[in-house]
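Q: Below is a structure I'd like to ask you about.
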Amino acid sequence: MSLLKEPDFGTPARPGAATVEVLVDGVAVQVPPGTSVMRAAKEAGIDVPKLCATDNLEAFGSCRLCVVEIDGMRGTPASCTTPVAPGMVVRTQNEKLGKLRRGVMELYISDHPLDCLTCSANGDCELQDMAGVTGLREVRYGSGVEAGANHMSEPTDSSNPYFDFEASKCIACSRCVRACDEVQGTLALTIEGRGFDSKVAAGAGGSFFESDCVSCGACVQACPTATLQEKSVIELGMPTRSVITTCAYCGVGCSFKAELRGDELVRMVPYKNGGANEGHSCVKGRFAFGYASHPDRVLEPMVRDSIADEWRKVSWEEAIGFTARRLREIQAQYGQGSIGAITSSRTTNEEVYTVQKMVRAVFGNNNVDTCARVCHSPTGYGLKQTFGESAGTQDFKSVDEADVILVIGANPTDAHPVFGSRMKKRIRQGARLIVIDPRKTDLVRSPHIEAAHHLSLAPGTNVAMINAIAHVVVTEGLVDRAFVADRCEDFATWETFISDPSHSPEAVEEITGVPASEVRAAARLYATGGNGAIYYGLGVTEHSQGSTMVMGMANLAMATGNIGRRGVGVNPLRGQNNVQGSCDMGSFPHELPGYRHVSDDGVREVYEKLWGTPLLNEPGLRIPNMFDSAIDGSFKALFVQGEDIAQSDPNTQHVFAALGALDLLVVQDLFVNETAKFAHVLLPGTSFLEKDGTFTNAERRINRVRPVMAPQTGKQEWEIVCEIAQAMGYPMHYNSAAEIMAEIALTTPTFMGVSFERLDQVGSIQWPCNVEHPDGTPIMHEESFTRGKGRFMETVYVPTSERSTRKYPLILTTGRILSQYNVGAQTRRTANVAWHPEDILDLHPHDAEVRGIEDGDTVALSSRVGRTTLRARLSDRMPVGVCYTTFHHPVTGANVITTDNSDWATNCPEYKVTAVQVDLLPTSVVSEEAREPVVAGDPR
């Protein structure tokens, strides 16, 4: 049997739970009511032959291999669809059942080549496995071409970059179709024809690549033959061993089995016991791992005295010595606060922890920040103010119990696809959906999902919208006053504020552009529709009022009592794999690990005793402050861990100026990225396949990241940081990543019960994990809020200063697409570029028509800070006056356009609102040179 298939039907009985006793082949077994006969047999140690049944699909009962006999029941029912009953007597094996199964298997085999080398040689064909189980020795009807029937001569569809569909091996069992429906929710596959003419079709008979298939791999996972097979398996052969690890893409944090043949990685298989994904995956995590072995990888340290010089490869000893010497020289000349660091949300908790420790204990300041500054810093601030904890409230499974799902400024099917599939499944089961977003996201446009309400608001008016919804809740008597009285404070002040007529849907209709009747209907649905869950993304946080909006959502959840139990909550969908963890580890300049302020004498004392050095009690510089200080000459050296700030941060011209002003820029990364072009030292990093540590996902789940292979650079990233610290004169050493986690657990209350040993035993833990919650905390704020009582905050709407003008009449908003990830450094080096080879500007047909722009034209996109060119695509996904693009390709340089407007509390950039103009670029000037972004100070 393949490593891929591990059937496990139903759930074993829990100690003390209600059970019924059944007799299976003479073996008595206790199972919960409703358990399938197949699961009961498995509990008794008996494997019933099967084909259509899998552990992640609903019972189907079509293959007829799992038939059994049951006393008192006529016929031979399918064991996968038949529930147990008290006293039931089951027989799974006898001559009659064996004959039935052999007859069924003959029909299947007649549709499948018996000499299938891929199946027999690689052992990845359940059909032939079951043929052996049923005792089939010969096929009366002939097989394959001998039978002269069906699709044995069908061609192979190799259009997908990652897997083949070899139709000649297909037995039309429907497992791939059901997986696409039940697991992924895309419904891209179907069964066409009847009888021997039945066949799997992608879309309306087209290829997999041309269809709606999102390449999640669920169909490949479900296929019982080698019909759907990874190209890597076809090329390299079946894997022989596996390592369980965690995906390094989005904040869902999927668990995978990295399967190898010898030391060569063959494929990534979703791990069914992964707490976040439960055996599902997306195209990035499942297939886009090739960047780890891409020839662009930097594997040796490089240094240069000036960015005008050529890189020279050096030994680790020379690179670390050069870095330490220059950092000491700069501090001696310009002062202790003249250097700092930026941590990465793509690295492990342990790697992040060592960088912030280096800054505080070795650099002697708090000049450390993280890329969360430019994405979810308002989440930390807003939830800390209202709930007392800088993190989301639920686990992902909680959405299964939501009755109303409110999605605000998020596109989970693209940015968090595995959770997006789970959300879609719940909506198809009956949960009502409200989407607040300027764009018609996939949730709104899906032919299989109907949103109850889509509030297509004007970009930048989130706070006005959330206040209007809360106004309806308060003024129409929809507040859960018992919850508020028992669990919250400052409600009366907020109630007076929000009841003001200026917050009514009618009053803000002109601001948001959304009809008041729609707002009122959505508000009533959320408040009265049962369990109401809020899920939000960067469309909430990347605004000048991002923090205010987070507090507004918290107010709404508290007012309706939608907090502290399953199916409700306020849930940020984190963008990068460890953005939650990087914040947890003390990456902000005002907070030590665990979100404790640097001014807290007691907390500082813990670290001062452990680290053996005094710590500053004043916050350090944020990323924007670092840039400004670099330009004015007071900030001189920066260590950047795994972030491409030259591509990802706003107002690229300003970033380039800051990086160019530094005396020393040290970059630790996999590739020579846009930031590294300004660097003096490039320290090669490790891919997730080489890391040993932990990631923390959006639901606070701490997952192990295990090394699949040894570091190609010879060192783990935390080792490099420790060696720099030691070269600067500070004794900083760990024998393993496990020792770093032990220090984190020793000093950080929310991680008190976490260790590698414990994670290896239980799989994953959701913090806080401490004396009160030794097994972790899936749902936050159940009995009380972290701060005691939930705090209502006044959320005054302040219009953004970035507004459309006569010169820049359109509003640009940016985001992600399914196949690409963040700045594209990883995914652009995989076959994922087949789906998204360039950034595209989506433009409403009306806005295109008045500018003479047709679909596919190259256009100039300009704002008050920059200009770039890209191809236009006409689309009605945006309202008139709004355009949209992604930021995955540096050649586009989308952040050349975005401004340095930012959130009032956290300086999170306002990526989602930029006033722009779009002009048709004359054909005579369209060239590769014309498509380069216009940026002053670009070292290229």
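The values are calculated or read from the model by the stated rules, or taken from the named source; none is laboratory data. This is a predicted model, so every value here is computed, not measured. Virtual Cβ from ideal backbone geometry, glycine too; neighbours counted across all protein chains shown.
Q: Out of the stretch 662-717, which residues are in a strand (DSSP E or B), out of contact with any Gly (no Cβ under 8 Å at 6 or more places or on another chain) and more than 30 Å from residue 397 (Cβ to Cβ)?
A: Across the stretch 662-717, the qualifying residues are 664, 665, 666, 667, 681, 682, 683, 684.
Q: Which of (1) more than 25 Å from the chain's Cα centre (by Cα); (2) buried (at least 19 other Cβ atoms within 10 Å of the Cβ); (3) farther than 16 Å from residue 666 by Cα; (4) of a type in the set (Phe, Trp, Tyr) does residue 322 not meet, given it meets every other one?
A: (3)
Q: Can you find even one residue in the stretch 648-669 that is under 24 Å from the mean Cα position of the chain (by Cα) and closer than 26 Å to residue 318 by Cα?
A: Yes; the residues of the stretch 648-669 include at least one that is under 24 Å from the mean Cα position of the chain (by Cα) and closer than 26 Å to residue 318 by Cα.
Q: Restricting attention to the stretch 900-924, which residues are within 26 Å of the chain's Cα centre (by Cα) and not acidic (Asp, Glu)?
A: 902, 905, 906, 907, 908, 909, 911, 912, 913, 914
Q: Could you list, in sequence order, all residues of the stretch 189-209 that are loosely packed, with under 14 Cβ neighbours inside 10 Å and assigned to a loop (DSSP other than H, G, I, E, B)?
A: 193, 194, 204, 205
Q: Among the residues of the stretch 468-495, what is the count of those that are touching a strand residue (DSSP E or B) at 6+ places or on another chain (Cβ under 6 Å) and assigned to a helix (DSSP H, G or I)?
A: Total satisfying the criteria: 1.
Q: Whether any residue in the stretch 51-65 is over 36 Å from the mean Cα position of the chain (by Cα), closer than 30 Å to residue 180 by Cα and not assigned by TED's automatic domain parsing to the domain that holds residue 176 is what I want to check. If you could, list the steps in order and put the result at the bottom.
A: Keep residues of the stretch 51-65 that are over 36 Å from the mean Cα position of the chain (by Cα), which gives 64-65.
Subset that is closer than 30 Å to residue 180 by Cα: 64-65.
Checking the rest, the ones that are also not assigned by TED's automatic domain parsing to the domain that holds residue 176 come to 64-65.
Checking the stretch 51-65: at least one residue is over 36 Å from the mean Cα position of the chain (by Cα), closer than 30 Å to residue 180 by Cα and not assigned by TED's automatic domain parsing to the domain that holds residue 176.
Q: Another one. Look at the stretch 549-600 and say how many of its residues are at pLDDT 95 or above and either over 30 Å from residue 642 (Cα atoms) or of a type in the set (D, E, K, R) (or both).
A: Matching residues across the stretch 549-600 total 23.
Q: Considering only residues of the stretch 786-804 that are surrounded by fewer than 23 Cβ atoms within 10 Å (Cβ to Cβ) and of a type in the set (A, V, I, L, M, F, W, C), which is nearest to residue 865 (Cα to Cα)?
A: The extreme case among them is 798.
Q: Okay, moving on. Within the stretch 59-176, which helices (runs of 4 or more DSSP H) (wholly inside it) include 3 or more residues that are buried (at least 20 other Cβ atoms within 10 Å of the Cβ) and either at pLDDT below 90 or charged (D, E, K, R) (or both)?
A: Where helices (runs of 4 or more DSSP H) fall fully within the stretch 59-176 and carry at least 3 residues being buried (at least 20 other Cβ atoms within 10 Å of the Cβ) and either at pLDDT below 90 or charged (D, E, K, R) (or both), they are 95-109, 126-133.
To keep it simple, each residue is scored yes or no on (1) of a type in the set (Lys, Arg); (2) within 21 Å of residue 54 (Cβ to Cβ); (3) without any contact (Cβ under 8 Å) to a residue 60 or more places away in the chain.
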{"site": "249", "(1), (2), (3)": "no, no, no"}
{"site": "254", "(1), (2), (3)": "no, yes, no"}
{"site": "258", "(1), (2), (3)": "no, no, no"}
{"site": "268", "(1), (2), (3)": "no, yes, yes"}
{"site": "273", "(1), (2), (3)": "no, yes, no"}
{"site": "276", "(1), (2), (3)": "no, yes, no"}
{"site": "289", "(1), (2), (3)": "no, no, no"}
{"site": "297", "(1), (2), (3)": "yes, no, no"}
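Q: Given the conditions (1) without any contact (Cβ under 8 Å) to a residue 24 or more places away in the chain; (2) of a type outside the set (Lys, Arg); (3) in a strand (DSSP E or B); (4) out of contact with any Ser or Thr (no Cβ under 8 Å at 6 or more places or on another chain), which single one is not true for residue 242?
A: Condition (1) is where residue 242 drops out.
Q: Then there's this: With the requirement that a residue be in a helix (DSSP H, G or I), touching a Leu at 6+ places or on another chain (Cβ under 9 Å) and farther than 28 Å from residue 900 by Cα, what does the stretch 526-556 give you?
A: Hits for the stretch 526-556 are 526, 527, 528, 556.
Q: Scan the stretch 410-440 for residues that are among the polar types (S, T, N, Q) and either part of a helix (DSSP H, G or I) or free of Cβ contacts under 8 Å to residues at least 60 places away in the same chain (or both) and jot them down. Break it down into steps so the answer makes sense when it comes.
A: We begin by selecting, within the stretch 410-440, every residue among the polar types (S, T, N, Q); these are 411, 413, 421, 429.
Once the filter is applied, which keeps residues that are among the polar types (S, T, N, Q) and either part of a helix (DSSP H, G or I) or free of Cβ contacts under 8 Å to residues at least 60 places away in the same chain (or both), the stretch 410-440 yields 413, 421, 429.
Q: Quick check: is even one residue across the stretch 273-285 closer than 24 Å to residue 825 by Cβ, among the basic types (Lys, Arg) and either outside the structural domain of residue 228 (by TED's automatic domain parsing) or out of contact with any Ser or Thr (no Cβ under 6 Å at 6 or more places or on another chain) (or both)? Outline the logic, then answer.
A: Quick first cut of the stretch 273-285, residues closer than 24 Å to residue 825 by Cβ only: 276-277, 281-285.
Adding the requirement that they be among the basic types (Lys, Arg) leaves 284.
Imposing the further condition that a residue be either outside the structural domain of residue 228 (by TED's automatic domain parsing) or out of contact with any Ser or Thr (no Cβ under 6 Å at 6 or more places or on another chain) (or both) reduces the set to 284.
Yes, that holds for at least one residue.
Q: Condition first: part of a strand (DSSP E or B) and either in contact with a Pro (Cβ under 7 Å, 6 or more places away or on another chain) or not small (Gly, Ala, Ser) (or both). Now tell me which residues in the stretch 776-804 satisfy that.
A: 785, 791
Q: Any residue at all in the stretch 418-431 that's among the hydrophobic types (A, V, I, L, M, F, W, C) and within 22 Å of residue 458 (Cβ to Cβ)?
A: No, the stretch 418-431 contains no residue that is among the hydrophobic types (A, V, I, L, M, F, W, C) and within 22 Å of residue 458 (Cβ to Cβ).
Q: Out of 68, 29, 48, I need the residue that is outside the structural domain of residue 218 (by TED's automatic domain parsing) and over 19 Å from residue 98 (Cβ atoms). Which one?
A: 29
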